[in-house]
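Engineer: I'd like to ask some things about the structure below.
The values are calculated or read from the model by the stated rules, or taken from the named source; none is laboratory data. Model, not experiment: these values are computed from the prediction. We place every Cβ from the backbone using ideal geometry, glycine too, and count neighbours over all the protein chains shown. Calculation scope for accessible area: heavy atoms of the full protein, side chains included, ligands and nucleic acids excluded. Shrake-Rupley method; radii C 1.70, N 1.55, O 1.52, S 1.80 Å.
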Amino acid sequence: MARLALPIFLVLCFSLLPYSSSRPSRSRKAVSARQADEDDVKSQLDKLWQEVNSLKEIQALQTVCLRGIKAHNKCYLTIEEPKHYHEANEDCIAQGGTLATPRDLTENNELRDYAKRSAPGSKDFWIGVADIVKEGQYVDVNSMPISFFNWDRSKKQPTGTKRESCVVLSVAVQGKWYDEVCRSQKKYICEYLIP
């Protein structure tokens, strides 16, 4: 809070600056010098606002990381309120992240273990993998193709039906994936990139 007080005070002071002089300048040089000063002040204010916003983002990310785990230059947070796939992704985005997308077996296993610890008794979590656009072409939430898959082959996953286009990580079967109807209500895992 103290960090925000100084920038806010400066903004108020600088915004009142143009009104503080009691008489107008008479020469063109004085007017152009004053304009240059005002432009400089505006530039400094813009930089201060950018810094304040950056600090807010860092603080929010630190809060998320404290509640979740850090791994692979990311923070992960399980959300225990079940939502359908699209609502879950929108919620992650609103918090500054996306649905988690494991990129290799190590990351997948860390997500599985974290989900087990953070939501005991829960077995299925939405992750950021889907084939909504083209059946059989799985992409992440940014529409980028993925190269790591951890399908539950014992249940012939993915099933390949057009209704089941969103992917679930199941802690009940050691972090294996299966495709599911996107409108199903599931808990989910968000990921946040660490700058």
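Engineer: Consider only pairs whose beta carbons are under 8 Å apart and that are at least six residues apart or on different chains; among these, list those whose first residue lies in segment 125-140 and is closer than 19 Å to residue 187 by Cα and whose second residue is in a loop (DSSP other than H, G, I, E, B) and open to solvent by 10 Å² or more (accessible area, probe 1.4 Å).
Structural biologist: The qualifying pairs are 128/141; 129/138; 129/146; 130/138; 130/141; 130/182; 140/146.
Engineer: Could you list, in sequence order, the residues of segment 157-173 that are polar (S, T, N, Q) and modelled with pLDDT of 95 or more?
Structural biologist: Passing the criteria: only 170.
Engineer: Scanning segment 140-185 for residues that are of a type in the set (D, E, K, R), open to solvent by 30 Å² or more (accessible area, probe 1.4 Å) and assigned to a strand (DSSP E or B), which turns out farthest from residue 88 (Cα to Cα)?
Structural biologist: Only one residue fits best here, namely 176.
Engineer: Scan segment 187-195 and tell me whether some residue there is open to solvent by less than 10 Å² (accessible area, probe 1.4 Å), over 21 Å from residue 65 (Cβ atoms), touching a strand residue (DSSP E or B) at 6+ places or on another chain (Cβ under 9 Å) and not hydrophobic (A, V, I, L, M, F, W, C).
Structural biologist: Looking through segment 187-195, none of the residues is open to solvent by less than 10 Å² (accessible area, probe 1.4 Å), over 21 Å from residue 65 (Cβ atoms), touching a strand residue (DSSP E or B) at 6+ places or on another chain (Cβ under 9 Å) and not hydrophobic (A, V, I, L, M, F, W, C).
Engineer: Given the conditions (1) part of a helix (DSSP H, G or I); (2) open to solvent by 70 Å² or more (accessible area, probe 1.4 Å); (3) in contact (Cβ under 8 Å) with a residue 24 or more places away in the chain, and given that residue 103 satisfies all but one, which numbered condition is not satisfied?
Structural biologist: The one condition residue 103 does not meet is (1).
Engineer: Part of a strand (DSSP E or B), under 19 Å from the mean Cα position of the chain (by Cα) and closer than 22 Å to residue 79 by Cα: is that true of residue 128 in this structure?
Structural biologist: Yes; evaluated as a whole, the condition is true for this residue.
Engineer: Could you list, in sequence order, the residues of segment 96-146 that are within 17 Å of residue 175 (Cβ to Cβ) and of a type in the set (Gly, Ala, Ser)?
Structural biologist: 100, 115, 118, 119, 121, 122, 128
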